[in-house]
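The values are calculated or read from the model by the stated rules, or taken from the named source; none is laboratory data. Please read all numbers here as calculations on a predicted model, not as lab measurements. All Cβ positions, even for glycine, are placed from backbone atoms using ideal geometry, and neighbour counts span all protein chains on display. Only protein heavy atoms, including side chains, enter the accessible area calculation; ligands, DNA and RNA are left aside. Shrake-Rupley method; radii C 1.70, N 1.55, O 1.52, S 1.80 Å.
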Amino acid sequence: MKDHVIDTQEAPNKFWAARDARMKAFAGWSHYTDKQRIRAERMALGLEMVYWSTGIHINPRNKFITIKVDKAQVKDNKTLSLLEKDYEAEGITKVVSAQGIIYRIPKA
């Protein structure tokens, strides 16, 4: 799977950034069906099996759903490559940043 590298800056006030993200996520789920939400949650469970991380966060946006793996370290390379091959066939992209790895599920 091809991965894109982005250079993002951390928020100066993490409390307000987290609060803003929660409110946007709550509103963002109204644009997606239950089937799409379940797909994102299942994908997050699969990523938990192959990465050591401080947390996995699902975030709905206007054009795609993101699944962020915070401070990710691979613990199972073989399974990860199989998962990423399936994700690539579905049109899911991978983005790497300083904060972690982000998978983007396009809106259908």
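Per residue, the stretch 1-42 exposes 91 Å² of accessible surface when a 1.4 Å probe is rolled over the protein heavy atoms with every protein chain present.
Within the chain, what whole-number % of the accessible surface is contributed by carbon and sulfur, with the 1.4 Å probe and all protein chains included in the calculation? If you can, show how the numbers build up before the last one.
Values: 4170 of 7560 Å².
Answer for the chain is 55 percent, counting heavy atoms of protein chains only.
So for the chain, averaging the separation of alpha carbon pairs under 8 Å that are six or more residues apart and normalising by length, what relative contact order in percent results?
Values: 145 pairs, mean separation 34.0, N = 108.
Relative contact order for the chain comes out at 31 percent.
Computing FRET efficiency as 1/(1 + (r/R0)^6) for Trp29 and Asn77, where r is the C-beta to C-beta distance and R0 is 25 Å, gives about 0.15. Gyration tensor analysis over the Cα atoms of the chain returns equivalent ellipsoid semi-axes of 22, 18, 12 Å (largest first, whole Å).
With the contact rule set at Cα under 8 Å and sequence spacing of 6 or more, what percent relative contact order holds for the stretch 44-106?
Values: 102 pairs, mean separation 20.8, N = 63.
Averaging sequence separation for qualifying contacts and normalising by length gives 33 percent for the stretch 44-106.
Using the Cα gyration tensor of the stretch 59-108, with a ≥ b ≥ c the square roots of its eigenvalues, what is the shape: rounded (a/c below 1.5), prolate (a/b larger than b/c) or oblate (neither)?
Since a/c reaches 1.5 but b/c is at least a/b, the shape of the stretch 59-108 is classed as oblate.
With R₀ fixed at 35 Å, the C-beta to C-beta distance from Asn62 to Asp7 puts the FRET efficiency at about 0.95. The candidates Ile65, Ile102, arranged from most to least accessible area with a 1.4 Å probe in the full protein assembly, appear as Ile102, Ile65.
Nothing charged except the Cβ atoms of Lys and Arg (+1) and of Asp and Glu (-1): what's the magnitude of the dipole of the chain about its Cα centre? Round to the nearest 20 debye. If you can, show how the numbers build up before the last one.
Working: 19 positive and 13 negative charges, 61 e Å.
So the dipole magnitude of the chain works out to roughly 300 debye.
Between Arg19 and Met49, the modelled label-to-label distance comes to 3.9 nm, taking each label 7 Å out from Cα in the direction of the beta carbon.
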